[in-house]
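Below you'll find the structure, written out as structure tokens, and then a few comments.
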Amino acid sequence: MKKAITLLFLTTLAGPVLADECALVIEGNDAMQFNLKEMTVPATCKEVTVTLNHTGKLPVTGMGHNWVLSPTADYQAVATAGMSAGAENDYLPKDDPRVLAHTKLIGGGESSSVTFKTEGLAGKDLTFFCSFPGHFAMMKGTFKVG
């Protein structure tokens, strides 16, 4: 019993050390909010995985969310162009080089992940946002590599 308690204690202490600093999780809810305003990965990450969890209950058609990364200077134009792209394209313009990474559009209780390379992103001014129509002004934040 003593060994089990010691092992549990040591595992608890090692948890943060073992955490994957190149994997980030963000939540979106039915109040059109992300739980984070800033996401950062160390420059040592060659690639990063972002997982979006939709913690709400509303369906994708009424309160869908995605996670999109673009240069800050382009994010509003990308979001505006995405409105005409429609839900079948996750409200993103097809093959747009300004979209650096994105998850699929999801509804309440769903999750989606995207893995992308960080090469060339260190020190860049980047914004993450939800491209569902009307969400991008409220659901956005800063993404940093380094």
Q: Could you order 127, 49, 80 by accessible surface area, starting with the largest, using a probe radius of 1.4 Å?
A: 80, 49, 127
**Q.** Largest-first principal axis extents, alpha carbons of segment 37-146, Å
**A.** 38, 27, 23
Q. Given H placed 1.01 Å from N in the peptide plane, which residues other than close sequence neighbours of residue 127 have an amide H under 5 Å from its amide H?
A. 70, 72, 143
Q. Quick one: accessible area per residue over segment 70-146, 1.4 Å probe, rounded to a whole number of Å²?
A. 49
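For the chain, what is the relative contact order in percent, using Cα pairs closer than 8 Å and at least 6 residues apart in sequence?
Values: 304 pairs, mean separation 43.2, N = 146.
Averaging sequence separation for qualifying contacts and normalising by length gives 30 percent for the chain.
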Q: Could you please state how large a percent of the accessible area of segment 42-92 is carbon and sulfur, counting protein chains only and using a 1.4 Å probe?
A: 58
Q.
For 111, 84, 131, give me the order by solvent-accessible area with a 1.4 Å probe, most accessible first, ignoring ligands, DNA and RNA.
A. 84, 111, 131
Q) To the nearest 10 square angstrom, how much accessible area does residue 58 have with a 1.4 angstrom probe? A) 80
**Q.** Cα-based reach from residue 57 at 20 Å (exclusive), listing aspartates and glutamates while leaving out same-chain residues under 8 positions away
**A.** 27, 30, 90, 110
Q. Considering only the chain, what is the antiparallel percent among its DSSP beta bridges, to the nearest 5?
A. 65
Q) In degrees, nearest 10, range 0 to 90: what is the angle between the Cα axis of helix 75-85 and the longest Cα principal axis of the chain? A) 60
(Q) To test your reading of the geometry: what angle, between 0 and 90 degrees and rounded to tens, separates the Cα axis of helix 2-18 from the longest principal axis of the chain? (A) 30
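Can you give the Kirkwood hydrodynamic radius of segment 51-105 from its Cα pairs, in Å with one decimal? Could you put the intermediate results ahead of the total?
Working: mean 1/r = 0.0856 Å⁻¹.
Value: 11.7 Å, from the Cα pair sum.
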Q. For the chain, modelled as a Gaussian network with Cα springs under 10 Å, which listed residue fluctuates most, 89, 53, 29?
A. 89
Q | Label-point separation, residue 98 to residue 117 (7 Å along Cα→Cβ), nm | A | 2.3
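Can you compute the charge dipole magnitude of the chain about its Cα centre, using +1 on each Lys and Arg Cβ and -1 on each Asp and Glu Cβ, nothing else charged? Give it in debye, rounded to the nearest 20.
Details: 12 positive and 14 negative charges, 89 e Å.
Here the size comes out at about 420 debye.
The values are calculated or read from the model by the stated rules, or taken from the named source; none is laboratory data. As the structure is a prediction and not an experimental result, all values here were calculated from the model. Ideal geometry is used to build each Cβ from the backbone, glycine not excepted, and the neighbour counts take in all protein chains shown. Side chains are part of the model used for accessible areas, which takes the heavy atoms of the whole protein and leaves out ligands, DNA and RNA. Shrake-Rupley method; radii C 1.70, N 1.55, O 1.52, S 1.80 Å.
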